[in-house]
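So the structure is just underneath, and the comments pick up after that.
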Amino acid sequence: MQMNLDPLTVDSARTAVVERQTSASALVDAFYRKVEAEDAAIGAYLTLCKERAYQQATRVDALADKGDALPPLAGVPIAIKDVFTTKGVRTTAGSKILANFVAPYDATAVARLEAAGAIVLGKTNCDEFAMGSSNENSGFHPVRNPHDHSRVPGGSSGGSAAVVAAGTAVASIGSDTGGSIRQPAALCGVVGLKPTYGRVSRYGLIAFASSLDHVGPFGKFVKDAALLLQSMAGRDPLDSTSADVPVPDYLEQIGEPVKGMKVGVAKEYFGEGLDPEVRAAVEAGIQELAKAGCEIVPISLPHTEYAIPAYYVVATAEASSNLARYDGVRYGFRASEGKTLSEMYRRTRDAGFGAEVKRRIMLGTYALSAGYYDAYYLKAQRVRSLLARDFEEAFGAVDAIVTPTTPTPAFKLGEKVDDPLAMYLADIYTVTANLAGIPGISIPCGKSKEGLPIGMQILGKHFAEATLFRIAHVAEHALASAPKAVVKP
Ligand code: GLN
């Protein structure tokens, strides 16, 4: 079968299987052929799980042959960021310390996607323990941006964004602690959603910073992301922080007009450091929403400038605690030499963790240590409350807030590796939503002169994902037909 895989969406892939234009197994074959031909140049996959994929495809085909009604993601080939556990399949979190770790159970998000008929092709590359903004912190190899192989795909879910952009999976999932879904989505020109905290279970998500970690989808279009969220969302008894809030029908509102909706534009997100081309593209996106009948409301989120420092205190503190479990005893790699237990711990962690992970463990341990706890961790938590209050006040007046997703388009591999602070600033517009727990989506919004994708972020109230999809869908359609953004001199 010759099939052009590039235009496939979640919907059209499922339809092809349901209508028997292809079998799920043939579709999986076609995707693996593409992965084998094209992924070496990008490096987005760390592990392919063919046996599991074909087993699932056979199950879907058997249902289809019987003429049974098929589940909502039947036969849709997807990829999973390698921070989600997958039973019987290597799960590394992008780290050498877990290089040979085979998980004994499935993450809830993965189990739910498979229960909905999706086919997991493999596990995607990422920054080690999801710490990074460029995928260059992977313990294995970097990922290249499908739009320009000399540039980063963003991070930490760089592999999951790249497979969608490259068409080596129809859709994928990632985790977002400070921007790791939205930022790579923006840099790779795809859609990425970070839902509300608690909307999707974190069970089986290898923890980075538990109060900031979120699970969410990537797709080519808003509808793809909505379809994946629909199957993943909802209370899970295995994650006590998953929310017991009913899951609405996300598709129902997509396509509804947005006339009369109030869209906030915060001046703090359009200040110094914002690339002029990104600014022009996002402003053009906002104009399209205005044309569709949205009321554009200038707002202020006054504590925004404190978000990055607060994030890096909270995230590293939680990481230092979460990563204490990698001691060579319970999981993965163990250094062979070491005469005493503590020497074995030290050698294991020294050889197993990369430089950025060690930096964060040290920063976090420092921030939590007696005598500094109040000055750093407690203060950062207070700032976090102020940021959350900024959003609460803003959402008293608007339905959504539109910002750039990133300050610049994709940067070159190697450009920021020696400057952690410059790297941390890649998340300046995304970390606030993690600190406040509100949902955010990034959608493609034009390209730079060099042909690099630009992303526009839409933030919403807690559990207002349906509103985000609705606005994002309108913007996505308007932008597809809009004239290209012109950069003001
Ligand atoms: N880039 C941010 C960091 O390095 C966010 C990572 C993430 O969202 N997982 O912490």
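The values are calculated or read from the model by the stated rules, or taken from the named source; none is laboratory data. Since the model is a prediction, treat every value here as computed from it, not as a measurement. Cβ coordinates were reconstructed from backbone atoms using ideal geometry, including for glycine residues, and neighbour counts include every protein chain displayed.
The table below lists the values:
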| quantity | calculated |
| --- | --- |
| Set 447, 416, 412, 379: member being farther than 19 Å from residue 268 by Cα, among the charged types (D, E, K, R), in contact (Cβ under 8 Å) with a residue 24 or more places away in the chain and within 16 Å of the ligand (Cβ to nearest atom) | 416 |
| Set 243, 162: member being among the small types (Gly, Ala, Ser), more than 13 Å from the ligand (Cβ to nearest atom) and not in a loop (DSSP other than H, G, I, E, B) | 162 |
| Candidate set: region 195-226, residues that are away from the ligand (no atom under 16 Å from the Cβ) and of a type in the set (A, V, I, L, M); chosen: the one surrounded by the most Cβ atoms within 10 Å (Cβ to Cβ) | 225 |
| Candidates 155, 192, filtered to the one that is within 15 Å of the ligand (Cβ to nearest atom), free of Cβ contacts under 8 Å to residues at least 40 places away in the same chain and of a type in the set (Gly, Ala, Ser) | 155 |
| Subset of region 309-352 (residues that are touching a residue at least 60 places away in the same chain (Cβ under 8 Å) and surrounded by fewer than 18 Cβ atoms within 10 Å (Cβ to Cβ)) | 309, 331, 351 |
| Residue within region 69-88 that is out of contact with any Cys (no Cβ under 9 Å at 6 or more places or on another chain), modelled with pLDDT under 95 and surrounded by fewer than 17 Cβ atoms within 10 Å (Cβ to Cβ) present | yes |
| Within region 122-141, considering residues that are charged (D, E, K, R) and assigned to a loop (DSSP other than H, G, I, E, B), the one surrounded by the fewest Cβ atoms within 10 Å (Cβ to Cβ) | 136 |
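Condition check ((1) aromatic (Phe, Trp, Tyr); (2) surrounded by 24 or more Cβ atoms within 10 Å (Cβ to Cβ); (3) over 25 Å from residue 333 (Cα atoms); (4) within 13 Å of the ligand (Cβ to nearest atom)) across all residues:
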{"residue": "95", "(1), (2), (3), (4)": "no, yes, no, no"}
{"residue": "143", "(1), (2), (3), (4)": "no, yes, no, no"}
{"residue": "169", "(1), (2), (3), (4)": "no, yes, yes, no"}
{"residue": "181", "(1), (2), (3), (4)": "no, yes, yes, yes"}
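Residue-wise test of (1) over 22 Å from residue 317 (Cβ atoms); (2) touching a residue at least 12 places away in the same chain (Cβ under 8 Å); (3) away from the ligand (no atom under 15 Å from the Cβ).
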{"site": "128", "(1), (2), (3)": "no, yes, no"}
{"site": "133", "(1), (2), (3)": "no, yes, no"}
{"site": "140", "(1), (2), (3)": "yes, yes, yes"}
{"site": "178", "(1), (2), (3)": "no, yes, no"}
{"site": "187", "(1), (2), (3)": "yes, yes, no"}
